[in-house]
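Notes follow the structure.
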């Protein structure tokens, strides 16, 4: 499945995307904000791609229409914090050189539309670390509401334990 916005193509991730994914996944700030260790080599990227991208409904690569380059990923996955099959969690990562251009907000808004219109979800959740101001801003622009902070929620690769800010967006009601 492919989705399009004004500047982006959201499409399935393939093996041919490995170099682009490694390029943004090796950056320390990208991994730290997304909760994973920066990738050390292409082989590590390929292993992770197999686990989280391949054959996953609702997970997309973010491609710039202008250049055809894959710059990040976005998707709706099962929310391990909520036992409800009508809820999916929004997750995303984007290369640091593409921060501040509105690409992630544009991609996330299309994924939210897809979640409600195509998947008929009742709620879309999202989580971010309290320090991740950019991610919070994306969620705010997409209409998510802050629900609270789950303390000591996630132990990362580096042994540090962080809180998760909890956000949600219910299905819009139609009148």
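Remarks
- Meets criteria (outside any loop (DSSP other than H, G, I, E, B), in contact with a helix residue (DSSP H, G or I) (Cβ under 9 Å, 6 or more places away or on another chain) and loosely packed, with under 13 Cβ neighbours inside 10 Å) for residue 97: yes
- Taking the range 1-56 as the region of interest, none of the helices (runs of 4 or more DSSP H) fully inside it holds 1 or more residues being on the phi > 0 side of the Ramachandran plot and modelled with pLDDT of 90 or more.
- Matching entry among 162, 157, 127 (being in contact with a strand residue (DSSP E or B) (Cβ under 7 Å, 6 or more places away or on another chain) and farther than 19 Å from residue 74 by Cα): 162
- Look at the range 130-144: where a residue is under 16 Å from residue 74 (Cα atoms) and a partner is modelled with pLDDT under 95 and crowded, with 18+ Cβ neighbours inside 10 Å, sitting 6+ places away or on another chain with Cβ atoms under 7 Å, you get 135/33.
- Looking across the range 57-74 at every residue that is in contact with a strand residue (DSSP E or B) (Cβ under 8 Å, 6 or more places away or on another chain) and assigned to a loop (DSSP other than H, G, I, E, B), the one that is nearest to residue 95 (Cα to Cα) is identified as 69.
- All of 67, 105 fail the test of being over 17 Å from residue 35 (Cβ atoms) and surrounded by fewer than 14 Cβ atoms within 10 Å (Cβ to Cβ), apart from 67.
- None of 29, 33 is under 26 Å from residue 167 (Cα atoms), buried (at least 16 other Cβ atoms within 10 Å of the Cβ) and out of contact with any strand residue (DSSP E or B) (no Cβ under 6 Å at 6 or more places or on another chain) except 33.
The values are calculated or read from the model by the stated rules, or taken from the named source; none is laboratory data. Nothing here was measured: the structure is a model prediction, and the numbers come from that model. When we count neighbours, we look across all protein chains shown, and the Cβ atoms used for this are built from the backbone with ideal geometry, even at glycine.
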